[in-house]
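Here is the structure we will look at.
Just so it is clear, none of the values below were taken in a lab; they were calculated from the coordinates. Bear in mind the structure is a predicted one, so any value in this text is a computation, not a measurement. Here the Cβ positions follow ideal geometry from the backbone for every residue, glycine too, while neighbour counts run over all protein chains shown.
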Amino acid sequence: MRANSQLTAGTSARPVSRARQRARTARAYLAMTKPLQTLLLLITGVCAYALSRPGAIDWSELTAAALALTGAVAGCTVLNMVLDRDIDARMGRTARRPLPAGRISPRAALIFGLALSLPGLALAWVLSPLFGLIVSLGFGIDLGVYTLWLKRRTPLSILWGGISGGMPALAGRALAMGRVDLVGVLLAFGVLLWIPAHILTLATHYAREYHLAGVPVWPNVYGPTATRRVIALATLLDVAVLAAAGWLLCIHPVALVVLAALGAGLTGLSIAVLIRPTERLNWALFKFASLYMLGAFVSLTIGTVL
C-alpha cells in the first residue's frame, strides 16, 4: 500500500515537472523578444495609424498591421540576440538571457526569429506595398546596418538603431494615409531623437561592462560629459518635434498641455543630469524616457479625437 502511494506520487510529480519546464521554456522564448521594448514600438505604430484616422479607424486593417509589426519587431529582436549572444555572455546585465545562459540553443532561436519575422514582413507587404517597404527597411536597417555592421565598430551605430526604431510610427501613419507626409516623418524623428535618453543613459550606467565586452559606446569613446550633452540636446529636439506633430494634427488643448508637461519632465531630467550628474538621476532619466514616449504617442492619439 505504501509502495503504491509512493509510485502514485512519483508519477504525478513528473507531469508537474514537465509542465514547469514547458512554462520556463515559454518564458525564455518570450524574453528573447524583449516584450516591453516590442510593445512600446508597437504602440507607436498603432497610435500613428489611429491618430491619422480619428473616428474612422479600419479595425481589421489596424489589427493586421499590429500583427505584422509585432512579428517583424519581435522577430528582429530575437535574430539580434542570436547575433549578439557572444557579447551578451560577457556582460553581467545580459549573461542570464536565454541564449548565453544555454536555456535556448542558437538554432532554435534562429528558427523562432525567422518564424516571427518572415510572416510579419509578408503580412506587411500584403496590407500595402508602402507599409511593407517601410517595415522591411526598419527590419533591414536594424539587423543588417546596426547589429551586423556598426554595433561593434562605432558608437554612432545608435543613429541607425534610432532610424529603425522610428519606422513603426512612420509605417503606421503611411498605412493610414496612403503616403509619407510631414507628420509621419516627425513621428519617426520623435522616436529617433528619443533614443539617446533611452540608450545612452543605459550605456552610461553599464559603461564598464560594455568596455569589457568590446562594444564601443558613447560614454567610453567620447566621455560622459559629451554623452550628457548629446542626451540633453536630443531631448530638447525630441520635445520640439513631437510638439510640432501635435500642432500640425491640431490636437485638443488638454492633450497638448499633457504633451508639454511630459516634455518638460523629460527635458528637466536631462538638464539635471547634465548640470549635476548622479547615478540616481541618470537612472531616473532612463526610466522616465520610456514613460514619456508612451505618454506622448497616447496624448497625440487621444488629442485627435477629443
- Which Cα, out of LEU137, VAL183, LEU110, lies furthest along the positive dipole direction of the chain (beta carbon charges, K/R +1, D/E -1)? LEU110
- Message: Suppose every Lys and Arg Cβ carries +1 and every Asp and Glu Cβ carries -1, with no other charges. What dipole size does the chain come out with about its Cα centre, to the nearest 20 debye?
- Response: 1440 debye
- Item | Ranked by how many other beta carbons lie within 10 Å on average, peptides 99-109, 263-273 from highest | 263-273, 99-109
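Taking 0.36 nm per residue of sequence separation and subtracting the Cα-Cα distance, how much length would be gained by fully extending the chain between ILE275 and TRP149, in nm to one decimal? Let's see the in-between values first.
Numbers: separation 126, 0.36 × 126 = 45.36 nm, distance 3.46 nm.
The span from ILE275 to TRP149 would gain 41.9 nm if fully extended.
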- Of the labelled options (i) 29, 26, 19; (ii) 35, 27, 19; (iii) 40, 27, 17, which one gives semi-axes √(5λ) of the Cα gyration tensor in Å as computed for this structure? (ii)
- Task: Evaluate the distance, in nm, between pseudo-label points positioned 7 Å from the Cα of ALA95 and of MET177 along their respective Cα→Cβ axes.
- Result: 4.8 nm
- Note on the structure: Taking a crude spin-label model, label points 7 Å out from Cα along the C-beta direction, the ARG107 to GLN37 distance in nm is 2.7 nm
- CYS76 neighbourhood, Cβ < 13 Å, K/R = +1, D/E = -1, net charge -1
- How would you classify the stretch 129-243 from its alpha-carbon gyration tensor, with a ≥ b ≥ c the square roots of the eigenvalues: rounded for a/c under 1.5, else prolate if a/b is greater than b/c, otherwise oblate? oblate
- Item | Sequence ranges 182-194, 68-80, 129-141, ranked by mean other-Cβ count within 10 angstrom, highest first | 68-80, 182-194, 129-141
- Task: Obtain the nm distance between the two label points defined at ALA240 and THR25 by a simple spin-label model: each point lies 7 Å from its Cα along the Cα-to-C-beta direction.
- Result: 5.4 nm
